[in-house]
Amino acid sequence: MSADHHGSSAISERVRHVEALLEARGLVDEGEIDRRIDAFLAGGSPANGARIAARAWVDPGFRDRLLADANAAIRELGLSMSGGLQEQRLKAVANSEDEHNVIVCTLCSCYPIALLGPSPAWYKSEAYRSRVVRDPRGVLAEFGLELPESTRISVWDASAESRYVVVPRRPEGTDGMSEEELAGLVTRKGLIGTAAV
Amino acid sequence: MSRINDVGGMVGFPAIVEEPDEPAFHADWEAHVLALNAALIRRGVYNLDEFRDAIERMPPEAYLSSSYYEKWFTAITTLLVEKGVATAEEIATPAEIATPAEIATPEELRASEDARGA
Amino acid sequence: MPDRFAPGDAVRTSTADPVWHTRLPRYARGAVGRVVELAGHHPLADDRARGLPGTTQAVYHVRFAAADLFGDGDHAVTVELWEDYLEPADDRRGTP
């Protein structure tokens, strides 16, 4: 993966050099790079996806709206898929006893950054991208998720403009929990489909 | 022609490794690469599809041995040259001039396709 | 141009192996799947990658049985595909 320390300082220098060149050419404004980095880091977070899942658990009407038109439904929570170059279509897919969903982008690394924040390196790896379409049950088992044979697995490959989020199953024994507490149970892996929740 | 990025179903890759509490960026330069790409696309220097295309045109061994943001930076510099924004010499640091990167141009891809008799 | 396909239609993906950037994964070439839903309209990525404006056309979620893609497996794979990658297929049972 990444180069050693000597290599890292080389690429760091190359990036700095190109950035300076582009600033000199007027293609990048002064301070723009830092502003863009800050905006990126302040943008999405898995907490956003977790809120969506928790709302779907407590409100069946919201769940139906989410599965029918996720872009519209998430606006009810003050969330959106705008903020990039154009608003991306969001597809929410719900896990059930019969079906477990898992997301991948085999061709590159497409991912709902607006909702989940930056993607983890494993999601972008050739190892994950190559194997999850071919052997999802095996990949999920490696992540510690063993599903019954009776549960169908549905893999979604983000090959075009849509971005995907999994609505995990609500865990057992959570009846008394508030929506906020429920959201606290949902992990990034649960929203990608490589964990139960 | 099938490109190295098109790995769905391919065998032979190592085990999936999860890094606990992984940061968004492993080094500052990665964040700068992400931001540079966004700035250049916003300015219309190239579009997102051209950016993906440039990554995919990396030689397979370079693609597989490069980290995620190294791939991005390779694509950015490739496109800056191909779009005439800067020359390869202007983009290179002195250390790089000794070892230029090789990316197939679209013309080279078509020529090799023709040579296959496709 | 009206959309060519509707949910439930059986479609076959192209076997083309273009020189240029495309978004039909090779594992899904020449396979029969079923349209799950229309997923929007976008300019063809293949064109955009070559600096062309690109014909705006329907993109669909198409679901394939793993057995039809790989010869084995009991899972489904749904891929989002531009209309240009698709042709009508004979109706076929067994795709999820």
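In segment C:75-92, the condition of being hydrophobic (A, V, I, L, M, F, W, C) and surrounded by fewer than 16 Cβ atoms within 10 Å (Cβ to Cβ) is met by no residue.
C:LEU52 passes every criterion in (1) part of a loop (DSSP other than H, G, I, E, B); (2) more than 12 Å from chain A (Cβ to nearest Cβ); (3) of a type in the set (A, V, I, L, M, F, W, C); (4) in contact (Cβ under 8 Å) with a residue 24 or more places away in the chain apart from (4). In segment C:57-73, the residues that are at negative phi form Cβ pairs under 6 Å with partners that are among the polar types (S, T, N, Q) and at pLDDT 95 or above, at six or more places apart or across chains, as follows: C:HIS61/C:THR78; C:ARG63/C:THR78. Got a sec? Which of A:LEU21, A:LEU77, A:LEU90, A:LEU107 is surrounded by fewer than 16 Cβ atoms within 10 Å (Cβ to Cβ) and modelled with pLDDT of 95 or more? Of the residues listed, the single one that is surrounded by fewer than 16 Cβ atoms within 10 Å (Cβ to Cβ) and modelled with pLDDT of 95 or more is A:LEU77. Scan segment C:55-91 residue by residue and report those that are within 7 Å of chain A (Cβ to nearest Cβ), of a type in the set (Phe, Trp, Tyr) and in contact with a strand residue (DSSP E or B) (Cβ under 7 Å, 6 or more places away or on another chain). Result: C:TRP82, single match. Residue selection: C:TYR60 fails the criterion of being under 30 Å from B:ALA111 (Cα atoms) and aromatic (Phe, Trp, Tyr). Residues of segment A:116-131 that are assigned to a loop (DSSP other than H, G, I, E, B) and in contact (Cβ under 8 Å) with a residue 60 or more places away in the chain: A:GLY117, A:PRO118, A:PRO120. For A:ILE103, the criteria (1) in a strand (DSSP E or B); (2) away from chain B (no Cβ under 14 Å) hold in every case but one, which is (2). When each of A:GLY190, A:GLY138 is tested for being in a helix (DSSP H, G or I) and free of Cβ contacts under 8 Å to residues at least 40 places away in the same chain, the lone residue that passes is A:GLY138. Every condition in (1) touching a residue at least 12 places away in the same chain (Cβ under 8 Å); (2) facing chain A (nearest Cβ under 9 Å) holds for B:VAL7 except the one numbered (1). Only one of the numbered conditions (1) touching a Cys at 6+ places or on another chain (Cβ under 9 Å); (2) within 10 Å of chain B (Cβ to nearest Cβ) is violated by A:TYR111, and that is (2).
Screening C:ALA28 with (1) away from chain A (no Cβ under 14 Å); (2) in contact with a helix residue (DSSP H, G or I) (Cβ under 8 Å, 6 or more places away or on another chain); (3) of a type in the set (A, V, I, L, M) gives one miss only, at (1). The conditions of being out of contact with any Phe, Trp or Tyr (no Cβ under 9 Å at 6 or more places or on another chain), acidic (Asp, Glu) and not assigned by TED's automatic domain parsing to the domain that holds A:LEU145 are met by A:GLU23. Considered as a group, the residues in segment C:36-46 that are in contact (Cβ under 8 Å) with a residue 40 or more places away in the chain and part of a strand (DSSP E or B) include one that is farthest from the other protein chains (Cβ to nearest Cβ), and that residue is C:VAL36.
Restricting attention to segment C:16-30, the residues being under 15 Å from C:TYR60 (Cα atoms) and in contact with a Gly (Cβ under 6 Å, 6 or more places away or on another chain) number 1. Going by the conditions given, is A:ARG152 surrounded by fewer than 19 Cβ atoms within 10 Å (Cβ to Cβ), modelled with pLDDT of 95 or more and facing chain C (nearest Cβ under 10 Å)? Yes: the conditions hold for A:ARG152. Here C:ASP17 fulfils each of the conditions (1) at pLDDT 95 or above; (2) of a type outside the set (Phe, Trp, Tyr); (3) assigned to a loop (DSSP other than H, G, I, E, B) apart from (1). For segment B:12-47, filtered to residues that are more than 7 Å from every other protein chain (Cβ to nearest Cβ) and closer than 28 Å to C:ARG26 by Cα, the residue that is surrounded by the fewest Cβ atoms within 10 Å (Cβ to Cβ) is B:GLY12.
Taking (1) assigned by TED's automatic domain parsing to the domain that holds A:GLY184; (2) exposed (fewer than 14 other Cβ atoms within 10 Å of the Cβ) in turn, A:ASP34 satisfies each apart from (1).
The values are calculated or read from the model by the stated rules, or taken from the named source; none is laboratory data. These numbers come from a predicted model, not from an experiment. With ideal geometry, Cβ positions are generated from the backbone for all residues, glycine too; neighbour counts draw on all protein chains shown.
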